[in-house]
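This report concerns only the one structure given below.
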Amino acid sequence: MYAQGQDGLMNTYRSPWRNRTPRTYALSATIIGFYCLLYFTDVLEPVAQAVKLQNKWYLYGALYCVFMTIGGIYMLRTHGNSRYHKLRITVNILVQIVLGFTLPFVMPFFGGKEFYWSYFWPLKYDYFFPDTLWGLPWYMALYTLLGSLVLTPVLALAFGKRWYCSWVCGCGALANTFGDPWRHMTSSSTASWRFEKYSIHAVLLFILGLTGIMLVDGFGGKQIGWFHELAGQTKWVYGFFVGSVLSGVIGTGVYPVLGPRIWCRNFCPMAAILGITQKAGRFRIAVKPDMCISCGNCTTYCEMGIDVRAYAQQNESFTRASCVGCGMCAHVCPRGVLKLENGALELNTDKAASGQLSIDF
Ligand code: SF4
Ligand code: SF4
């Protein structure tokens, strides 16, 4: 069964670890508890020192790599007959181990700055704040500015948001490895889609506002006492609710019961920007006409809750802002109906104009 790569489909809901059972609720509570200890207490500091790591954040980084690697092995054993997934998951793990852990860990030993090369604004939200930029060597400041303003949107126009959300980002990589056993837990209801539309753009507006405030603060606002205080409090509120609670405690804690992309789907401001860019770009999921047998595998396994089957039934190729291009819908389709494509921009536009290509949120 592993050789066919479909074992994940055969036992998905039968396993008590992959359905909403007391076990998965307990696991979810454990993960939430871990994140609360990590973010809001110092009880993990002695553990970090005991294993010769600088602080609890390096301990977290090390655990992140370990769980991602274990999850990656599980994921490839389940769906590993696809070259796309073999390559994608390998890149995910390497990016995390090299850029997300080893380099930031090692660079301070050589007099360098701790810097996360695979994260860009607005996901790494303080990388646009003047106080952060002034403290970076010029080449790192240039990298983070060009990465956020040029590289990220240009690649999203060409390849969709998948280049980042499914290949580079540590949050997406954890979701696609450690979180893979629960991808079918994602809701595809209309209510969840409505919530997602408002929540993700609300967080985007929040970080745009905060970045504006921090820029004003960095370029003279500090002289005005009340404004400087407002900037500090707004930054704290964002860091607490978005940076800690939504991305960590909830975003990862609810993997086993609500699916692995709650943060990416509902709250990540980077995903919001990439999604808007994706809609204007070349990426799409192409549907072969009159092939779908309505089995629903694609919708069940879409970690972003997209009702892929509805598009396939209507012979409608589509681009959805929320699609992270994980490729699982195409992988689990027994009829080979779906294909992830980076079509020519003109073709995309023509099809949209003629109604053959749906570009919903
Ligand atoms: S539509 Fe397909 S490629 Fe896009 S997120 Fe869902 S499963 Fe992944
Ligand atoms: S597109 Fe494929 S996986 Fe989705 S419902 Fe149709 S046959 Fe099933």
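The values are calculated or read from the model by the stated rules, or taken from the named source; none is laboratory data. This is a predicted model, so every value here is computed, not measured. Note that we place each Cβ from the backbone using ideal geometry, even for glycine, and neighbour counts take in every protein chain shown.
Details
- Sub-6 Å Cβ pairs linking a first residue in region 162-175 that is within 10 Å of Val91 (Cα to Cα) and surrounded by fewer than 24 Cβ atoms within 10 Å (Cβ to Cβ) to a second residue that is at pLDDT 95 or above and β-branched (Val, Ile, Thr), at least 6 apart or interchain, are Trp167/Val91; Val168/Val95, ordered by first then second residue.
- Residues within region 331-344 that are touching a helix residue (DSSP H, G or I) at 6+ places or on another chain (Cβ under 8 Å) and not in a loop (DSSP other than H, G, I, E, B), tallied: 6
- Residue match in region 84-102 (condition: under 15 Å from Met140 (Cβ atoms) and either surrounded by 16 or more Cβ atoms within 10 Å (Cβ to Cβ) or more than 17 Å from the chain's Cα centre (by Cα) (or both)): yes
- In region 295-310, the qualifying residues are those that are modelled with pLDDT of 95 or more and either of a type in the set (D, E, K, R) or more than 9 Å from ligand 1 (Cβ to nearest atom) (or both), and the one that is surrounded by the most Cβ atoms within 10 Å (Cβ to Cβ) is Glu303.
- Residues in region 41-89 that are among the charged types (D, E, K, R) and under 25 Å from Ala330 (Cβ atoms): Arg77, Arg83, Lys86, Arg88.
- Being modelled with pLDDT under 95, under 29 Å from Tyr125 (Cβ atoms) and either away from ligand 2 (no atom under 16 Å from the Cβ) or not small (Gly, Ala, Ser) (or both) is true of Arg282.
- Within the option set Trp236, Trp182, Trp263, being out of contact with any Ser or Thr (no Cβ under 8 Å at 6 or more places or on another chain) and not hydroxyl-bearing (Ser, Thr, Tyr) holds for one residue only, Trp236.
- Scanning region 176-191 for residues that are assigned to a helix (DSSP H, G or I) and buried (at least 18 other Cβ atoms within 10 Å of the Cβ) gives Asn176, Thr177, Asp180, Pro181, Trp182, Arg183, His184, Met185.
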